[in-house]
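The values are calculated or read from the model by the stated rules, or taken from the named source; none is laboratory data. Every value quoted in this text rests on a predicted model; they were computed, and no experiment measured them. For neighbour counting, all protein chains shown are included, and Cβ atoms are generated from backbone atoms with ideal geometry for every residue, glycine included. Ligands, DNA and RNA are stripped out before the accessible areas are found, and what is left, the full protein with its side chains, is counted by its heavy atoms. Shrake-Rupley method; radii C 1.70, N 1.55, O 1.52, S 1.80 Å.
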Amino acid sequence: MSEPLHAPNPSSDAARTGGLSERDRQILAFERDWWRQPGAKEQTIRETFGLSSTRYYQILNDLIDQQAALEADPLLVKRLQRLRSSRMRQRTARRLGFDDPS
């Protein structure tokens, strides 16, 4: 069962005020330490946040673009941004039939 795309977003109010919501802080903490959790990451996401992994990653991608997240945990946010950029380059290279040099 997936969450509707137009469901209320608890982080939107916090984003407008320049801060992070409790859920935003929990997501950053989870991303910092998820590898220590037993089991598959997707299952832990569903159990911890009650979200599908697709929705979780949509929220995470929005979160790592926020200045408040960068200020809260700059090393983690920069690492997640680099990973996202690298994956985007790899997908683009595969679609175009090129090998990604990175």
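Checking each residue in the stretch 59-85 for being in contact (Cβ under 8 Å) with a residue 12 or more places away in the chain and among the small types (Gly, Ala, Ser) picks out 68, 69, 72.
Selection over the stretch 59-75 of residues that are more than 12 Å from residue 23 (Cβ to Cβ), within 10 Å of the chain's Cα centre (by Cα) and open to solvent by less than 70 Å² (accessible area, probe 1.4 Å) gives a count of 2.
Could you please give the count of residues in the stretch 6-30 that are within 16 Å of the chain's Cα centre (by Cα) and modelled with pLDDT under 95? Walk me through how you get there before you give the answer.
To start, the set of residues in the stretch 6-30 that are within 16 Å of the chain's Cα centre (by Cα) comprises 9-12, 15, 20-30.
Checking the rest, the ones that are also modelled with pLDDT under 95 come to 9-12, 15.
Looking only at that region, the number is 5.
Here residue 20 qualifies as out of contact with any Leu (no Cβ under 6 Å at 6 or more places or on another chain) and not in a helix (DSSP H, G or I).
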